[in-house]
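Step one of this worksheet: look at the structure below.
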Amino acid sequence: MRWGAGEKRPHWDRRALGLAAAGLVAAVGGGIVGKRWLSGEASRAPAADEPVFSTAVGERSTFRLADNSVVTLSTDSAVRVNHWAEERRLTLLRGQAFFQVAKDPSRPFVVAAGDKRVTAVGTAFDVRMEPGKLSVTLVEGRVRIAADAPANGHGGERRVEMSAGSRFVAADPADWLISAVDTAKESAWLKGRLVFDGEPLSAVVAEMNRFSERKLMLADPGLGATPVSGVFKTGQIDAFVAALKTYGLADVGRADGERVELVRPRA
């Protein structure tokens, strides 16, 4: 597998260089870094041997697992490949990742994110962690999301199943919501694009900032309610600001190498 334009190779910590206990195949320029199929014995190896793949702000990277599933990490994200036995388990440590799962009915594919677990057999889905919020977007197939019931509840496990074309959002342990979404729009980041359709400028700025070290700032909070529609390249702050100016949605105040201040359009 080769990395395309806008993509970079994933970073891994030194404990992961051999990739032995993870049973993971990472492609670098079309060559295989390491490969070992898991056995029951390997699954009992120390957790320190589980590789962690990560991206910096503005990076996007893709790697292939030993079962031929493919994981794409978004900006400032990290995933741990846990030891495999009866199930194929990964842990999303931060950020966002897209999983294209190879079918293997005998071993469910499980992504742990916070206190929740997303389980699939053969499907494609996106998991995103934000402070106090988890979202799962299902592009194809079906997945089950589960979490342990709160200690003060009735015990057991809470579960919900999703079908393709829907998104799950949990803002707190008790607030689970599933709704229909445009999966092409939600997964545009895989191709280095962000698509907005009438979203408030405050939300658009927050999303653009995820992919850039140079940050946008709103000088006037009232400007944040301005609706924005369009398709923009991730990390292209100057092009985004130019579009805002062209359509009279905002202008530029102070700007330097670290930030760009957005102000109300000048008359």
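Here are some notes:
- In the condition set (1) open to solvent by 50 Å² or more (accessible area, probe 1.4 Å); (2) within 25 Å of residue 131 (Cβ to Cβ); (3) outside any strand (DSSP E or B); (4) touching a strand residue (DSSP E or B) at 6+ places or on another chain (Cβ under 6 Å), residue 204 is compliant with all but (1).
- Any hit, the range 169-184, residues being open to solvent by 50 Å² or more (accessible area, probe 1.4 Å), of a type outside the set (A, V, I, L, M) and in a helix (DSSP H, G or I): no
For (1) aliphatic (A, V, I, L, M); (2) farther than 30 Å from residue 124 by Cα, each residue gets a yes or a no:
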{"site": "192", "(1), (2)": "no, no"}
{"site": "199", "(1), (2)": "no, no"}
{"site": "202", "(1), (2)": "no, no"}
{"site": "224", "(1), (2)": "no, yes"}
{"site": "243", "(1), (2)": "yes, yes"}
{"site": "246", "(1), (2)": "no, yes"}
{"site": "253", "(1), (2)": "no, yes"}
{"site": "264", "(1), (2)": "no, yes"}
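- Candidate set from the range 141-162 (those that are open to solvent by less than 70 Å² (accessible area, probe 1.4 Å) and in a loop (DSSP other than H, G, I, E, B)); member that is modelled with the highest pLDDT: 141
- Residue that is most open to solvent (accessible area, probe 1.4 Å) [pool: residues in the range 82-124 that are assigned to a strand (DSSP E or B), under 18 Å from residue 160 (Cβ atoms) and out of contact with any Ser or Thr (no Cβ under 8 Å at 6 or more places or on another chain)]: 117
- Test: residue 165 is over 20 Å from residue 88 (Cβ atoms) and open to solvent by 30 Å² or more (accessible area, probe 1.4 Å): no
- Residues being among the aromatic types (Phe, Trp, Tyr) and either modelled with pLDDT under 95 or over 26 Å from the mean Cα position of the chain (by Cα) (or both) - total across the range 216-267: 1
The values are calculated or read from the model by the stated rules, or taken from the named source; none is laboratory data. No experiment lies behind these values; they were computed from the predicted model shown. In this analysis, Cβ positions are derived from the backbone assuming ideal geometry, glycine residues included, and neighbour counts consider all displayed protein chains. Just so you know, the surface numbers come from the protein's heavy atoms only, side chains and all, with ligands and any DNA or RNA stripped out. Shrake-Rupley method; radii C 1.70, N 1.55, O 1.52, S 1.80 Å.
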